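What follows is a single structure, written as C-alpha cells, with notes after it.
No value in this document is a laboratory result; all are computed from the given coordinates. Predicted, not measured: the structure shown is a model, and the values here were computed from it. No Cβ is skipped: glycine too gets one built from the backbone with ideal geometry, and neighbour counts run over all protein chains shown.
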Amino acid sequence: MRKKLILDVDTGTDDAVAIMLAGLHSDLDLIAVTVVNGNVPVENCTDNTLRTLDWIGRSDIPVYQGLSHPIVREDFPTPRATKRDPKVHMAVLPLPAATSSKKELSAPIFLTQTFAQQPGEITLVAVGPLSNIAAAIAIDPKFPENCAELIIMGGAVNKSNITPSAEFNIWADPEAAAQVFRAPFRKITLVPLDATHQALVSKDQCEMLRGLGSPASIASADIIEHRIKGYEETQPTGTPLSAPVHDAVCIAALVDREIIETKYVNVVIETLGEYTIGRTVVDHEKRTKREPNCHVAFGAKREAFVAMLSETFAPTAPSQAKAS
Ligand code: RIB
Ligand code: CA
C-alpha cells in the first residue's frame, strides 16, 4: 500500500528535490502540494513548485497556495529576509516555465478539508515555515488529530543556520511553530539541521545523478550543485564540495524510517528571546518535567539517502523516461 502524503513547501532548491522524490517514489502517493512564504515570496514558491511538478511529468498533482506572511510577526520577509542567503535558493528555478496552474482554494482550507475527509490516513510533511499548518489548526481544532503524522524539516539543536540559535523554517514564523508543537498531533517527527547535515550530497554524487539522464536526475544534479556553490561561498559545511538537501531527507525518512535516528523528547519554541527567537528548545537531557511531544532526528544515513535519490530518479525507475 503506497503511503499517502501532502507536502507543504517554500520552494526553494531543496524543496524541489523533495517534491521530485515524493512525486516519483513508488512507495508514495503524493496527494497534493501546499505552498507557503519562506525562501522566496509565496508567488515564486508556487511558480517553482508548478515548474518542478511539470518537469517530472506530475502535473496531475494539485498545488494550493497559502500564507504570504507569518501568522503574527510583521518583520518578515522584509528586515529579517536580508539575512537569507540568495546564493542557496533562487527566485526562479532553472526549469521551463510552468504550464499548469495552482488551484483557487487556499492551502489552509484545502488542508483542513482533505484531512477531515481522510482522518488518520495521510502524513503531512512540512518543509517550510509552519504558517499554513498553524492556520489550519486555527480553522479546524480537529486538524492535528486528523493527520496520521506530521514530519517537519526544521529546528536547531547544536547546528543552526539563520541565527546562532535557530534554523530558518522555525525562525521565519516562530509563533506558528509554537502553536504546532502545542497542538495534539498523533505523532510529530522533527528533522533538524543536526540530522540533515549528516546526509550531505557531494559534487561527485551530482555528476552520478546527472549521468542517469532522466528529467529528475538532471534537475536534481543542477539544483544541488547550485546549493554546493552557495554553501561553499557562504556557509561551508566542513565537507568540501557538498551540501545538505534538508527537505528531501524528510521524504526519504517517510519511505524508510531507518534513514534517521530519533529520540522522543520535549520540544518547545522560543518566541520572545532577544537573541534566541525561533530556537527549538529540545530537552534531550531531561532538564525539565515537560512531557515528550516529538521524535527528533539526531542522525541520518547519508549513503542510504543518496542511494534512494539515484534509485528513484533513475530512468529505469517506473516513473522516469530518458530526458529527450
Ligand atoms: O533551514 C533549512 C530550511 O529552510 C529548508 O526547508 C529550506 O528549504 C528552507 O526552507
Ligand atoms: Ca524548504
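A few points about this structure:
- Share, in percent, of DSSP beta bridges within the range 96-222 that are antiparallel, nearest 5: 10 percent
- As a rough guide to protection, the peptides 69-75, 190-196 ranked by mean Cβ packing within 10 Å, highest first, stand as 190-196, 69-75.
- Magnitude of the charge dipole for the chain, about its Cα centre and with charges confined to Cβ atoms of Lys, Arg (+1) and Asp, Glu (-1), is about 340 debye.
- Highest-fluctuation residue, 53, 241, 272 considered, GNM on the chain with Cα pairs under 10 Å: 272
- For residue 284 and residue 101, the difference between the fully extended length at 0.36 nm per residue and the C-alpha to C-alpha distance is 61.5 nm.
- Length gained on full extension, residue 256 to residue 186: 23.3 nm, using 0.36 nm per residue less the C-alpha separation.
- Cα-based Rg and Dmax for the range 9-140, where Dmax is the largest Cα-Cα distance (Å): 14.4, 42
- Length gained when the stretch residue 72-residue 235 is fully extended (0.36 nm per residue, less Cα-Cα span): 55.8 nm
- Mean-position separation - Cα centroids, the range 9-69 and the range 233-303, in angstrom: 22 Å
- Over 21 Å apart at the Cα level, from the set 187/263; 3/187; 102/187, are 102/187.
- For the peptides 57-68, 249-260, the ranking by packing is 249-260, 57-68, with the highest mean count of neighbouring Cβ atoms within 10 Å listed first.
- The modelled label-to-label distance for the pair residue 118/residue 316, using points 7 Å beyond Cα in the direction of Cβ, is 3.1 nm.
- Virtual spin-label span in nm between residue 276 and residue 59, 7 Å along Cα→Cβ: 5.0 nm
- Mean Cβ count within 10 Å, highest first, over the residues of peptides 5-18, 290-303, 89-102: 5-18, 290-303, 89-102
- When the alpha-carbon atoms of the chain are used, the pair Rg, Dmax equals 17.9, 59 angstrom.
- Prolate/oblate/rounded label for the range 179-317 (Cα gyration tensor, a/c 1.5): prolate
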